[in-house]
1. Could you list, in sequence order, the residues of the range 25-63 that are assigned to a helix (DSSP H, G or I), among the charged types (D, E, K, R) and over 29 Å from GLU128 (Cα atoms)?
2. If only one of LYS75, LYS114 is basic (Lys, Arg), over 12 Å from the mean Cα position of the chain (by Cα) and modelled with pLDDT of 95 or more, which one is it?
3. Of the residues ILE78, ILE34, ILE44, which single one is buried (at least 16 other Cβ atoms within 10 Å of the Cβ) and free of Cβ contacts under 8 Å to residues at least 12 places away in the same chain?
4. Taking the range 6-19 on its own, how many of its residues are in contact with a strand residue (DSSP E or B) (Cβ under 6 Å, 6 or more places away or on another chain) and either in contact (Cβ under 8 Å) with a residue 24 or more places away in the chain or assigned to a strand (DSSP E or B) (or both)?
5. Would you check which residues across the range 81-113 are surrounded by 14 or more Cβ atoms within 10 Å (Cβ to Cβ) and either touching a residue at least 60 places away in the same chain (Cβ under 8 Å) or assigned to a helix (DSSP H, G or I) (or both) and list them?
6. Tally time: how many residues in the range 11-31 are surrounded by fewer than 19 Cβ atoms within 10 Å (Cβ to Cβ) and farther than 22 Å from VAL74 by Cβ?
7. Got a number for residues in the range 114-132 being free of Cβ contacts under 8 Å to residues at least 24 places away in the same chain and touching a strand residue (DSSP E or B) at 6+ places or on another chain (Cβ under 9 Å)?
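The values are calculated or read from the model by the stated rules, or taken from the named source; none is laboratory data. Small disclaimer: the values here were computed from a predicted structure and weren't measured. FYI the Cβ positions are ideal-geometry reconstructions off the backbone, even for glycines, and counts take in every protein chain you see.
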Amino acid sequence: MPKEIINTVNAPSAIGTYSQAVKVGKIVYLSGQIPLVPDTMEMISNDIEQQIHQVFKNLSAVAEAAGADLQAMVKLNIYLTNLAHFPAVNEIMSQYFKEPYPARAAIGVAALPKNAQVEMDGIIDLNEDYSY
């Protein structure tokens, strides 16, 4: 199956040698998003809640460019420089997802690009209508 590169100006452009997302068949692999504001390519703020919201907005923009929304996500990976922020991730995630939730991993890391406190990536399945 050929791969299709997904790209949108509504999410931060890649800051390395990667694509925002790659679609193979009906599966979309979203690259990691950090809390950069697409228009400025600057971090939204140092506030963790604002960073989490911005990451979900960035993932939403890439999902939309692929023809889906976050509800089509089947796997979400969350990277945090401080796992004490995990309750905030749960609270804010509930504003972007409804049941059934995607499978998920939350991983504590020593550092993230541009000193972000959070990064997320995921996998979207376009095979079904997930707009519950």
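1. Scanning the range 25-63 gives a single hit, GLU49.
2. After applying the criteria, what remains is LYS114.
3. When all the criteria are applied, what remains is ILE44.
4. Of the residues in that region, 2 qualify.
5. Across the range 81-113, the qualifying residues are HIS85, ALA88, VAL89, ILE92, MET93, TYR96, LEU112.
6. Residues that pass the stated criteria total 5.
7. Qualifying residue count for the region: 0.
A quick yes/no check of all residues on (1) under 21 Å from SER13 (Cβ atoms); (2) out of contact with any Asp or Glu (no Cβ under 9 Å at 6 or more places or on another chain):
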{"position": "ILE34", "(1), (2)": "yes, no"}
{"position": "SER45", "(1), (2)": "yes, yes"}
{"position": "ASN58", "(1), (2)": "yes, yes"}
{"position": "ALA61", "(1), (2)": "yes, yes"}
{"position": "ALA66", "(1), (2)": "yes, no"}
{"position": "VAL74", "(1), (2)": "no, no"}
{"position": "PRO87", "(1), (2)": "no, yes"}
